[in-house]
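Please treat every number below as a calculation from the coordinates, not as lab data. Computed from a predicted model, the values in this text were never measured in an experiment. Cβ atoms come from the backbone with ideal geometry, glycine included; neighbour counts cover every protein chain shown.
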Amino acid sequence: MNILDLGKKMVEQVNLGREGEQQFVNEYYAEDIVSIEGMGSDESHGRLEGIEAIREKHNWWYDNNEVHNTLASGPYIGHRNDQFIIRFVLDMTPNNGERMSMDEVATFTVTDGKISEEEYLYLMA
């Protein structure tokens, strides 16, 4: 699958919700994936390695936030044939917090048809 098709599949699956996102991760993430968050915290390290760490990160996210809606858009494709970008806009309520909108993008690097690296960047306006 080329990066355009892989990016379109990600958008489709993420927009289905948690189950769609989990299905995409299970099918299209490499076992040795690296995940880089724009900002780490006590609960979420800035860099994670391996598919199990990614699954744990996703479970932590859904356990600590009520996600009302996720709108993924893209993929944005550039001159490289191994990367694409997806934009995510989340309507969410953190546990013990107020409902908010979160806007972020992520760059995904593909190796041998699987996502081998993801890097998240946040809109800080």
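The gain in end-to-end length when the residue 32 to residue 82 segment is fully stretched comes to 16.4 nm, 0.36 nm per residue minus the alpha carbon separation. Take residue 65, project a point 7 Å from its Cα along the Cβ direction, then tell me which residues of region 1-36 have their backbone nitrogen under 16 Å from it. Hits in region 1-36 for residue 65 at 16 Å: 14-22, 36. Put the Cα centre of region 103-125 next to the Cα centre of region 58-83 and the gap is 8 Å. The Rg/Rh ratio for the chain is 0.94, where Rg is the radius of gyration of the alpha carbons and Rh is the Kirkwood radius. The slack between residue 102 and residue 120, meaning 0.36 nm per residue of separation minus the straight C-alpha distance, is 5.3 nm.
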